[in-house]
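Each remark here refers to the structure printed beneath this line.
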Amino acid sequence: MAKKGRVFSGARPTGRQHLGNYLGAIKNYVAMQNDYECVYCIVDVHALTTVETTQELKQNTFEMALDWLAAGIRPEESILFVQSHVPEVMELHTYLSMVTQFGKLTDLPTFKEKVRQQPENINYGLVGYPVLMTADIVLYKTDVVPVGIDQAPHIEFAREIVRSFNYRYKTKVLIEPQVKHTEVLKVVGLDGKDKMGKSLNNHIELASTPEETVKRVKEMVTDPARLRRTDPGNPDICNVFTMHKLFSPQEEVDMVNTECRKAGIGCVDCKLRFANNLNKHLEPFRAKRAELASNPNNIQDILNDGAKRARAIAQQTMVEVREAMQLP
């Protein structure tokens, strides 16, 4: 079957992935391989804008690659690589920075948010983050970028940069990427309030053991108004029930929905049922991950091969870019 075009997406290397990563991005990465030529990048250079030490960067990159592959990224047909392994992206980033207004960069909501988060570390790379992101996308002649609705403005800014470059140099060498809106679930963490993430330690790692998973699920906050086992609950505001709908068989979802409302099932039993279904769902992933982890050199070979294939595209793009700019 002919592919619909080329997709690019990247994520910062945060190490072992959790349920939020899986539901928000990885699951979609895997599905898009059926319809698109996919280029997936672990963006280690982007990570340098917020980390103060690179001590864990290499291991985090390895763990992320391991999880993506175990989840179903197929390296024989998709390109999986590490950003810094294709240095052409840094050259293109420099050229694109010449057609990007500084004021627009500092006005971006994402930049202002980072300033609030790390006021002691407002580095040049942080300001230029969207330009490097644009270079990531257009270097590989990307047709489509999958994003949630809240991220669409980032891609529109990338399109503006492309238009500025093409206008200045009277060329069409860079492609304006199109947005593909995807359903990116906001996965709430164990606390029942904030988005699931490592920084808040409210996450469940995909690669956890079944026992660790049960332990973490037991920590999940349920209906805060349900104080006793005999109190009726409200599944509509219970994060555990939300997870049931994603990982449990429909008949069990219906049962929990009914029995919780009349106190026929308690929160502890509800959690244990969910933990059991989650472990069943993750069993194939964990088996595949263990198999991959037993041969770490193979993971590196996959990343090296991905970088080689990505660089072949990147080098051709840069030939066209330099020619359009009439560089000597």
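Values in this text are rule-based calculations from the coordinates and carry no lab data. What you see is a predicted model; the values in this text were computed from it and never measured. All Cβ positions, even for glycine, are placed from backbone atoms using ideal geometry, and neighbour counts span all protein chains on display.
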For segment 98-197, what is the convex hull volume of its Cα atoms per residue in Å³?
116 Å³
Ratio for segment 1-102, C-alpha Rg to 2.2 N^0.38 Å, reads 1.16
Step through the table entries Lys58/Lys198; Lys104/Lys195; Lys141/Lys172; Lys27/Lys193; Lys218/Lys288; Lys141/Lys195, compare each Cα-Cα distance with 21 Å, and write down the pairs that go over it.
Lys104/Lys195; Lys27/Lys193; Lys218/Lys288; Lys141/Lys195
Quick one: what are the phi-derived ³J(HN,Hα) couplings along segment 199-209, Karplus 6.51/-1.76/1.60 with θ = phi - 60°, whole Hz, x for glycine and proline?
4, 9, 6, 10, 10, 10, 6, 4, 8, 4, 6
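What is the sum of charges, Lys and Arg at +1 and Asp and Glu at -1, for the other residues whose Cβ falls under 15 Å from the Cβ of Val268?
Values: positive: Lys215, Arg216, Lys218, Arg226, Arg228, Arg229, Lys271, Arg273; negative: Glu219, Asp223, Asp231, Glu259, Asp269.
Local net charge: +3.
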Mean Cβ count within 10 Å, highest first, over the residues of peptides 65-74, 120-129
65-74, 120-129
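Taking the Cβ of each residue in Ser208, Ser199 as the centre, tally the other Cβ atoms inside 10 Å and list the residues starting with the fewest.
Values: Ser208 20, Ser199 9.
Exposure proxy ranking, most exposed first: Ser199, Ser208.
Based on the Cα coordinates of segment 172-248, what is the per residue volume of their convex hull in Å³? Walk me through the numbers on the way to the answer.
Numbers: hull volume 12.4 nm³, N = 77.
It is 161 Å³ per residue.
Once you have a ≥ b ≥ c as the square roots of the Cα gyration tensor eigenvalues for segment 102-146, tell me rounded if a/c is under 1.5, and otherwise prolate or oblate according to whether a/b is larger than b/c. Before the final figure, lay out each step's value.
Numbers: a/c = 2.51, a/b = 2.34, b/c = 1.07.
Verdict is prolate for segment 102-146.
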Mean Cα-pair separation over length for segment 1-111, i.e. relative contact order, pairs under 8 Å, 6 or more apart, %
32 percent
Find how many whole Å separate the alpha carbon centroid of segment 173-247 from the alpha carbon centroid of segment 90-127.
31 Å
So Phe102 and Asp301, fully extended at 0.36 nm per residue minus their Cα-Cα distance, gain in nm 67.7 nm
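Pairs of Cα atoms under 8 Å, at least six residues apart: use those to get the relative contact order of segment 210-289, whole percent.
Working: 77 pairs, mean separation 28.4, N = 80.
Value for segment 210-289: 36 percent.
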Per the Debye formula with a single identical scatterer at each Cα and no solvent contribution, what log10 I(q)/I(0) holds for the chain at q = 0.07, 0.13 Å⁻¹?
-0.34, -1.03
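Do you know the relative contact order of segment 128-211, to the nearest whole percent, from alpha carbon pairs under 8 angstrom that are 6+ apart? Working shown, then result.
Details: 83 pairs, mean separation 23.7, N = 84.
Contact order relative to length: 28 percent.
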Once the dipole of the chain is set up with Lys and Arg at +1 and Asp and Glu at -1 on Cβ about the Cα centre, which of Pro210, Val173, Ser84 lies farthest towards its positive end?
Val173
Please name whichever of Cys238, Leu272, Val256 sits farthest to the positive end of the charge dipole of segment 210-289, dipole taken about the Cα centre and charges placed at Cβ: Lys and Arg +1, Asp and Glu -1.
Leu272
Would you work out the charge dipole size for segment 210-289 about its Cα centre, treating the Cβ of every Lys and Arg as +1 and the Cβ of every Asp and Glu as -1, and quote it to the nearest 20 debye?
260 debye
Jot down the per residue volume, in cubic angstrom and as a whole number, of the convex hull over the alpha-carbon atoms of segment 210-289.
79 Å³
Residues listed by number, segment 90-126, amide nitrogen under 11 Å from Arg168 label point at 7 Å toward C-beta:
94-102
Report, in debye and to the nearest 20, how large the dipole of the chain comes out about its Cα centre when Lys and Arg carry +1 and Asp and Glu carry -1 on their Cβ.
340 debye
